[in-house]
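See below for the structure under consideration.
The values are calculated or read from the model by the stated rules, or taken from the named source; none is laboratory data. This one's a predicted model, so the numbers in the text were calculated from it and none came from an experiment. Here the Cβ positions follow ideal geometry from the backbone for every residue, glycine too, while neighbour counts run over all protein chains shown. For accessibility, only protein heavy atoms count, side chains too; no ligands or nucleic acids. Shrake-Rupley method; radii C 1.70, N 1.55, O 1.52, S 1.80 Å.
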Amino acid sequence: QVQLVESGGGLVQAGGSLRLSCAASGRIFRTNVMGWYRQAPGKQRELVAGITSERSTDYADTVKGRFTISRDTAKNTVDLQMNNLKPEDTGVYYCYGKLASATNLRTADYWGQGTQVTVSS
């Protein structure tokens, strides 16, 4: 059974920094894309940043230049370094992974349980 577990959320003042981490566990054959989404109250979940197995990255326009995504393919982890945080970055951040399970070699989408990030003004 594949699971994604996030850590690192919390409360920070505007201009501060936080680092989110996500570890995928279980019988994993291959990790393809990994990334982070967020959902603010009353809004739809949106992509924050993604990274492929070749380390090609993609960022939402609102976080470019402030957030950096990285991954360790061998450890099946993905991190999100968030700098110069703004109140509008507040939300629940979800780790995402498109992974192939070693059980059946099928690729599927997996989500973490979410971690709260609150940025005060």
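What is the total of Lys pairs in the chain with C-alpha atoms under 22 Å apart, excluding same-chain pairs fewer than 8 positions apart? Show your work: numbers first, answer last.
Working: Lys43/Lys64; Lys43/Lys86; Lys64/Lys86; Lys75/Lys98.
Here the count comes out as 4.
Ligands, DNA and RNA are left out, and with a 1.4 angstrom probe the accessible area of the chain is 53 Å² per residue.
Mean-square fluctuations from a GNM of the chain, with a 10 angstrom spring cutoff on Cα atoms, peak among Asp79, Asp58, Asp109 at Asp109. Which of Thr77, Val119, Gly65 sits closest to the plus end of the dipole of the chain, meaning its Cα is farthest towards the positive end, when Lys and Arg get +1 and Asp and Glu get -1 on the C-beta? Comparing the listed Cα positions along the dipole, Thr77 ranks first. Using equal-weight Cα scatterers in the Debye expression, the normalised intensity of the chain in log10 at q = 0.12 Å⁻¹ is -0.40. Spin-label pair Lys75-Glu54: with each label point 7 Å from Cα along the Cα-Cβ axis, the two points sit 2.5 nm from one another. Using only alpha-carbon positions in region 1-66, the gyration tensor eigenvalues give semi-axes of 23, 16, 13 Å once each is multiplied by 5 and square-rooted (largest first). Spin-label model, Asn83 to Asn104: label points 7 Å out along the Cα-to-beta-carbon direction sit 4.3 nm apart.
Among 59-72, 93-106, how do they line up from the highest to the lowest mean number of other beta-carbon atoms within 10 Å?
Working: 59-72: 15.2, 93-106: 17.2.
Per-residue Cβ counts within 10 Å, averaged per peptide and sorted highest first, yield 93-106, 59-72.
So, by mean Cβ neighbours within 10 angstrom, what's the order for 44-51, 13-20 with the highest one leading?
Numbers: 44-51: 17.0, 13-20: 14.9.
Top to bottom by mean Cβ count within 10 Å: 44-51, 13-20.
Put a plus charge on the Cβ of each Lys and Arg, a minus charge on the Cβ of each Asp and Glu, and nothing anywhere else: the dipole of region 1-65 about its Cα centre is then about 120 debye. Where both bridge residues fall in the chain, DSSP classifies roughly 90% of the beta bridges as antiparallel. Note on the chain: with neighbouring protein chains present and a 1.4 Å probe, carbon and sulfur make up 47 percent of its accessible heavy-atom surface. The residues packed around Ser53, meaning those with a beta-carbon under 11 Å from its beta-carbon, carry a net charge of +3 if Lys and Arg are +1 and Asp and Glu are -1.
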